[in-house]
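The values are calculated or read from the model by the stated rules, or taken from the named source; none is laboratory data. If you're wondering where the values come from, they're calculated on a predicted model, not measured in any experiment. All Cβ positions, glycine included, derive from the backbone under ideal geometry; neighbour counts span all protein chains shown. Only protein heavy atoms, including side chains, enter the accessible area calculation; ligands, DNA and RNA are left aside. Shrake-Rupley method; radii C 1.70, N 1.55, O 1.52, S 1.80 Å.
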Amino acid sequence: MKITETREAIFAGLFVLFIAVAFLAPPAPFTIDDTIYIAMAEAMAERGSLDVNPPLAIAEAPILLESVDLIHRINGNAVPQYPAGYAFLAAPFFLVFGIHGLILMNAISGALCLWLTYLIANALYDDRMIARNATLILGLATFFGGYVFSIWPHITSLAFTLGGAYLALRVPQSQHRLVYALLAGLLFGLSVNIRIDGIIPAIAAFFWLRFFARPGDRLSAIALIIGLAPGLVLAAYLNFLKFGVFQPFHYGQTDGLATASRYIPIVAAGGVAIILSLAINVANPTIARLINFRRLIYAALITLTVGLVAAGSFLIGLGQGTYNLVVDMQAFDPAKIRPGIIKDEFGYWSFWGIPKKALLQSLPFATLLLIPIYEFSRAQKMSAHSFSFLMIAGTIAFFAMNAWHGGMTFNMRYFLPAVPFIAITASYGLAHLLAEKPNSGDLILRSIIVGAALAMFFYYALPGIAPSLAIPAQLYPQLAIATALIASLVYVLYAHKNATIALVLSSLAFGYAGILSAADAAGELGLRFIKAPYDQAYKRAITPGSLVVTVAEDHMVETRLNGVILARAQEKELSNIREAINQYERAGRCVYLHTPVAYAMVGDTRFEAWTVKGAPTHQGNILDLYGLPAQAATCKPQ
């Protein structure tokens, strides 16, 4: 069998495997975000609607929201903030397979992402070993795998991004460069309809074409921008239908936890830079000489100095945000405290009870990026290296500007668009070390095993032995490995010897990251497995058309899909909730409060605690159900 046939057979097998596993994953959400994506898919599949109004809601009662931050009341409708393109793409999957269909969409996209990562790496370096290892690193040693069988659409969006990236890479060598540029732009633009951060890789691809791939070719770069237009116009039109605003980057609000408007400055700055790059003849020898590593460093230092004077607080904030998200989430700024972030009894930050990891705390091998950076500084493989650099740096800068970490997760989910390119550059760095130290297969395997064993000890065993050391043990060994790896790489690059130590540390970092990857995926799936039977018990117990006020709507997704109206208990919504309770009660509908938090917040002492047969306990009594004694005959679960 030919190599290409073997490769295609392997990826075809992955597609089949991922599809099968998708149906084994629990059809339950991990966070509240998932519940909203499910509601969007259901509304489009069942009613062709962009709002998520409950179909069985009472017309006289106020429209209730499952989240004040993520769903907005606009013209009497409950409208999700997330890009509506997701609803159109997910609707067929949901219509046929329900919640499993949304997982299936991600699983198919995940297999496609691995295939595209292989193609991108091979296109950059023309080396099948680098491409193969990059694919293995992405799949086994990053947090990519934890999102492949989830409901969040990160992986689906990433498939569009990687498709656009691969087509952009085809531009420089193709006789049909304008066609490839247009198609690349089209895919990037369509990704914005799933997640708005899809615009950042598009900007990175533009600058790569303009400065590194084809400096003398304005048309290809312009074609990529033109290709973006259909996707951006579609996003703007869908936002107009939802919010009355014809703008592609809009979340329906001007404040809140995840407003899109706070990212407008960096997008605007990118737009200005695009215009300037087109105005300047970057192929001019004088300009071209400026595009080298040392001059870029000098320019960056000058810009930093001027910026500190002109906009010091912004740059300092960007630096702090980068450090928090890339190096150590425990350096989190207390001034930016948000719900769910607290100090534990030992003085460490806990994110919804999770020891959240910054980028290097998930991917300690990412410091292998130092090797392509070094080569870039010596004008080696500038076109290939710069492509990954721009994809990585653009994504990090975009989110570091506001130091927003992505909410309840084990890792930096917002950095997923950068992760395939980190895997590619790490694979290239590993290939460089292997060239210095060939025939090291056994050494690499032993080091990976040691790294995995260390991760098992620090991430699982030590926290049980010494709870006060739990968070440091789960976060800081990775930084020690990354630091040691940097030191060994510096020595290799400047002394051109002793690659053995760097190879051992790299492999150890891969093994360590592999366990972290599996731990994150297991943690996410485990929590969803816990929620699924609970949801089924309440689906059986609560009749369609009932009203449930809760702060744990992620435990009642199937219940909602069965026709139950959910409302999140929030201070801003209490007057609407109390009015709705009265309206539903007068209409003879069952009314419940769910969780002690919702019971205390609503403050209606008529409600009493009821038991739901078959509902598993979770975190003590946090998921208690409360009902009205006057409705016990018809509404109390049997």
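The table that follows gives values for the structure above.
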item: Calculated Rg and Dmax of the stretch 42-93 using C-alpha coordinates, Å; result: 11.3, 33
item: Unit Cα scatterers, Debye sum, the stretch 1-71: log10 I(q)/I(0) for q = 0.21 Å⁻¹; result: -0.97
item: Sites Phe11 and Ala518, calculated FRET efficiency, Cβ-Cβ separation with R0 22 Å, nearest 0.05; result: 0.50
item: For the stretch 470-554, diffusion coefficient by Stokes-Einstein and Kirkwood Rh (Cα), 25 °C, 0.890 mPa s, µm²/s; result: 144
item: Net charge, Ile63 excluded, C-beta distance under 12 Å - Lys, Arg +1, Asp, Glu -1; result: -4
item: Surface share of carbon and sulfur [accessible, 1.4 angstrom probe, percent] for the chain; result: 65
item: Helix-derived mean residue ellipticity, 222 nm - over the chain, DSSP H n ≥ 4, -39500 (n - 2.57), to 500; result: -19500 deg cm²/dmol
item: FRET efficiency estimate (nearest 0.05) - Cβ-Cβ, Lys343 to Thr543, R0 51 angstrom; result: 0.75
item: Anisotropy class of the stretch 450-500 from Cα gyration tensor, a/c 1.5 cut; result: prolate
item: Between helix 293-326 and the chain: long-axis angle, C-alpha atoms, 0 to 90°, nearest 10; result: 20
item: Tail beyond 24 Å, pair distance distribution of the stretch 170-261 (Cα, percent); result: 28
item: Lys, Arg +1 and Asp, Glu -1 on Cβ, resulting dipole of the stretch 542-638 about Cα centre, debye, nearest 20; result: 220
item: Cα-based Kirkwood hydrodynamic radius, the chain, one decimal, Å; result: 26.1
item: Most to least accessible of Arg578, Arg446 (protein chains only, probe 1.4 Å); result: Arg446, Arg578
item: C-alpha long axis of helix 32-47 to longest principal axis of the chain, angle in °; result: 70
item: Sequence-distant lysines (8 or more away, or on other chains) whose Cα lies within less than 19 Å of Lys539; result: Lys531, Lys613, Lys636
item: Computed Rg/Rh of the stretch 77-150, alpha carbon atoms with Kirkwood Rh; result: 1.13
item: Solvent accessible area, Å² - Ile448, 1.4 Å probe, full protein context; result: 60
item: DSSP beta bridge pairing in the chain, given as percent antiparallel to the nearest 5; result: 60
item: Three principal axis lengths of the stretch 64-105 [C-alpha, angstrom, descending]; result: 31, 17, 15
item: Debye log10 I(q)/I(0) for the stretch 420-579, one point scatterer per Cα, at q = 0.11, 0.18, 0.20 Å⁻¹; result: -0.66, -1.05, -1.19
item: Where the stretch 534-638 is the region considered: accessible area per residue in Å², 1.4 Å probe; result: 43
item: Longest to shortest principal axis, alpha-carbon extents of the stretch 1-147, angstrom; result: 68, 27, 22
item: Degrees between helix 470-495 axis and first principal axis of the chain (Cα, 0 to 90, nearest 10); result: 10
item: Overall dimensions of the stretch 534-617 by Cα: Rg and Dmax, Å; result: 12.0, 33
item: Estimated Rh, the stretch 413-481: Kirkwood, alpha-carbon pairs, angstrom; result: 14.4
item: 10 Å beta-carbon shell around Leu278, net charge (K/R +1, D/E -1); result: +2
item: Average accessible area per residue (Å²) across the stretch 71-154 - probe 1.4 Å, nucleic acids and ligands excluded; result: 30
item: Solvent accessible area, Å² - Trp404, 1.4 Å probe, full protein context; result: 20
item: For the stretch 113-266: span of alpha carbons on each principal axis (Å, largest first); result: 49, 40, 22
item: Partnerless Cys - the chain, beta-carbon criterion under 4.7 Å; result: Cys113
item: Longest exposed-site-free window of the chain, the sites being GluC sites (Glu not before Pro) in a DSSP loop that have at most 16 other C-beta atoms within 10 Å; result: 346-638
item: log₁₀ of I(q)/I(0) at q = 0.13, 0.17, 0.22 Å⁻¹ - the stretch 186-238, Debye sum with one point per alpha carbon; result: -0.30, -0.49, -0.73
